[in-house]
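The values are calculated or read from the model by the stated rules, or taken from the named source; none is laboratory data. Computed from a predicted model, the values in this text were never measured in an experiment. When we count neighbours, we look across all protein chains shown, and the Cβ atoms used for this are built from the backbone with ideal geometry, even at glycine.
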Amino acid sequence: MEKITSFTVDHLKLLPGLYVSRVDTMDNFTFTTFDLRVTRPNFEPVMDTSVCHTIEHLGATYFRNKYPNDTMYFGPMGCRTGFYLIVKGNKTSKDYLNKVIDCMKFITSYEGAIPGASAIECGNYLDLNLDMAKYYAKKYLEVLENENR
């Protein structure tokens, strides 16, 4: 089997930031996968599953409500160093930088019940941590705001 694209990236050189992971076209439909790299792979501790899970709930809620016609998916990477955002069209990191910044601001200021945090709505609703999700969102927001200068 061929090595998939994400395994060809040198993770020892990869820094936190927003990257286009890939652009795909299927049946004349183009979509872009973004790599929202929150922590530095193999150098920093990975995010706890409760953090990834909380950011997933809030990030997916944000993007699917704010950009319902463009958002296909928002979810954690298996390595727990970031998230994937899949959107409609051939997009660049510049196209989505301010949108991701706004999402991280939404998460850092979020108060109240986490969307989908019940046994009926989620398969592991007890594995959530809003305080630590805010911590990582704030940390990532600082990286993104530096990219935006």
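This table checks each residue for (1) touching a Lys or Arg at 6+ places or on another chain (Cβ under 9 Å); (2) assigned to a loop (DSSP other than H, G, I, E, B); (3) within 14 Å of R37 (Cβ to Cβ); (4) of a type in the set (G, A, S).
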site	(1), (2), (3), (4)
Y73	no, no, no, no
L97	no, no, yes, no
V100	no, no, yes, no
I107	yes, no, no, no
G116	no, yes, no, yes
C122	no, yes, no, no
A137	yes, no, yes, yes
E142	no, no, yes, no
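Looking at S118, S109, S50, S93, which is the one that is in contact with a strand residue (DSSP E or B) (Cβ under 9 Å, 6 or more places away or on another chain) and among the hydroxyl-bearing types (S, T, Y)?
Numbers: S118 fails: in contact with a strand residue (DSSP E or B) (Cβ under 9 Å, 6 or more places away or on another chain); S109 fails: in contact with a strand residue (DSSP E or B) (Cβ under 9 Å, 6 or more places away or on another chain); S50 fails: in contact with a strand residue (DSSP E or B) (Cβ under 9 Å, 6 or more places away or on another chain).
The conditions single out S93.
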Among the listed residues V46, V51, V9, which satisfies the condition of being of a type in the set (A, V, I, L, M, F, W, C) and more than 27 Å from G116 (Cα to Cα)? V9
Members of the stretch 75-104 found to be more than 25 Å from P45 (Cβ to Cβ), of a type in the set (D, E, K, R) and surrounded by fewer than 18 Cβ atoms within 10 Å (Cβ to Cβ), listed by number: K88, K94, D95, D102
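Output yes when any residue across the stretch 127-148 is under 21 Å from V23 (Cβ atoms), touching a helix residue (DSSP H, G or I) at 6+ places or on another chain (Cβ under 9 Å) and surrounded by fewer than 16 Cβ atoms within 10 Å (Cβ to Cβ), and no when none is. I'd like the intermediate steps shown before the answer.
First pass over the stretch 127-148, keeping only residues under 21 Å from V23 (Cβ atoms): 144, 147.
In the following step, the residues that additionally are touching a helix residue (DSSP H, G or I) at 6+ places or on another chain (Cβ under 9 Å) were identified as 144, 147.
Within this subset, residues satisfying the condition of being surrounded by fewer than 16 Cβ atoms within 10 Å (Cβ to Cβ) are 147.
For the stretch 127-148, residues under 21 Å from V23 (Cβ atoms), touching a helix residue (DSSP H, G or I) at 6+ places or on another chain (Cβ under 9 Å) and surrounded by fewer than 16 Cβ atoms within 10 Å (Cβ to Cβ): present.
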Taking the options E147, E142, name whichever one is acidic (D, E) and at pLDDT 95 or above. E142
Among the residues of the stretch 17-32, is any buried (at least 16 other Cβ atoms within 10 Å of the Cβ), at pLDDT 95 or above and assigned to a loop (DSSP other than H, G, I, E, B)? no
Residue pairs qualifying under the 6 Å Cβ cut-off, at least six apart or on distinct chains, with the first in the stretch 88-105 being under 15 Å from Y73 (Cβ atoms) and the second being of a type in the set (D, E, K, R) and surrounded by 15 or more Cβ atoms within 10 Å (Cβ to Cβ), are K88/D70
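When the residues of the stretch 1-16 are filtered to those that are part of a loop (DSSP other than H, G, I, E, B) and among the hydrophobic types (A, V, I, L, M, F, W, C), which remaining residue is surrounded by the most Cβ atoms within 10 Å (Cβ to Cβ)?
Pass one, the stretch 1-16, residues part of a loop (DSSP other than H, G, I, E, B): 1-4, 9-16.
Filter once more, so that each one left must be among the hydrophobic types (A, V, I, L, M, F, W, C): 1, 4, 9, 12, 14-15.
Details: M1: 3, I4: 8, V9: 14, L12: 9, L14: 17, L15: 11.
Looking at the filtered set, the residue picked out is L14.
Here are Y135, Y62, Y125, Y73: which of them is among the aromatic types (F, W, Y) and in contact with a strand residue (DSSP E or B) (Cβ under 6 Å, 6 or more places away or on another chain)?
Working: Y135 fails: in contact with a strand residue (DSSP E or B) (Cβ under 6 Å, 6 or more places away or on another chain); Y62 fails: in contact with a strand residue (DSSP E or B) (Cβ under 6 Å, 6 or more places away or on another chain); Y125 fails: in contact with a strand residue (DSSP E or B) (Cβ under 6 Å, 6 or more places away or on another chain).
Just a single option satisfies the conditions, and that option is Y73.
Quick grid of which residues meet (1) in contact (Cβ under 8 Å) with a residue 60 or more places away in the chain; (2) small (G, A, S); (3) in a strand (DSSP E or B):
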{"position": "T54", "(1), (2), (3)": "yes, no, no"}
{"position": "R80", "(1), (2), (3)": "no, no, no"}
{"position": "G112", "(1), (2), (3)": "no, yes, no"}
{"position": "L126", "(1), (2), (3)": "no, no, no"}
